1. Return yes when Gly25 is in a strand (DSSP E or B) and crowded, with 16+ Cβ neighbours inside 10 Å and no when it is not.
2. I'd like the full set of residues that are outside any helix (DSSP H, G or I) and basic (Lys, Arg), limited to segment 32-70.
3. Could you list, in sequence order, the residues of segment 1-22 that are open to solvent by less than 50 Å² (accessible area, probe 1.4 Å) and among the polar types (S, T, N, Q)?
4. Pairs, please: C-beta under 7 Å, at least 6 apart or cross-chain, first residue farther than 21 Å from Glu67 by Cα and in segment 37-55, second part of a helix (DSSP H, G or I) and among the charged types (D, E, K, R)?
5. Could you tell me how many of the residues in segment 1-22 are without any contact (Cβ under 8 Å) to a residue 60 or more places away in the chain and part of a loop (DSSP other than H, G, I, E, B)?
6. Is there a residue in segment 44-54 that is at pLDDT 95 or above and either open to solvent by 100 Å² or more (accessible area, probe 1.4 Å) or under 10 Å from the mean Cα position of the chain (by Cα) (or both)?
7. Can you tell me which residue in segment 55-84 is nearest to Gly8 (Cα to Cα), limited to those that are surrounded by fewer than 18 Cβ atoms within 10 Å (Cβ to Cβ) and of a type in the set (Val, Ile, Thr)?
Amino acid sequence: MTDLRRLGEFSGMNTAPGDGQLVIGRSENGEEYLMRWRSPTRILKEDGPDDQKPAYWARWHGDDKAEPKEWALTELTMEDVLDWA
């Protein structure tokens, strides 16, 4: 997935949406990736009660913990990226 369809400029993480929507993260070295916030409620719903962990920013592909320094909006939806999988 190379076209992240960025909308607008990057902003600091203190303004990033914590509602689970997809956004573009950018690491300190400039790498960009799709990510989303995984809240305890979302983790419980998606992973079940036996796989609980603290909330974290997760890369969309693989759900690995992400450590972004900035974020930007994307026009991609969950449905868009599920179609690519």
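1. Working: in a strand (DSSP E or B): yes; crowded, with 16+ Cβ neighbours inside 10 Å: yes.
In short, yes.
2. Filtering segment 32-70 down to residues outside any helix (DSSP H, G or I) leaves 32-39, 48-70.
Hits for segment 32-70 are Arg36, Arg38, Lys53, Arg59, Lys65, Lys69.
3. Within segment 1-22, Ser11 is the sole residue that qualifies.
4. Here the result reads none, with nothing in segment 37-55 linked to a residue that is part of a helix (DSSP H, G or I) and among the charged types (D, E, K, R).
5. First, the residues of segment 1-22 that are without any contact (Cβ under 8 Å) to a residue 60 or more places away in the chain: 2-3, 12-22.
Those left that are additionally part of a loop (DSSP other than H, G, I, E, B): 2-3, 16-22.
The number of residues fulfilling the criteria is 9.
6. Here is the first cut: in segment 44-54, the residues at pLDDT 95 or above are none.
No: segment 44-54 contains no residue that is at pLDDT 95 or above and either open to solvent by 100 Å² or more (accessible area, probe 1.4 Å) or under 10 Å from the mean Cα position of the chain (by Cα) (or both).
7. Going through the qualifying residues, I end up with Thr77.
The values are calculated or read from the model by the stated rules, or taken from the named source; none is laboratory data. Source: prediction; values computed, not measured. Heads up, the Cβs are rebuilt from the backbone with ideal geometry, glycines too, and the neighbour counts pull from every protein chain shown. The accessibility values were calculated without ligands, DNA or RNA, using every heavy atom of the protein model including side chains. Shrake-Rupley method; radii C 1.70, N 1.55, O 1.52, S 1.80 Å.
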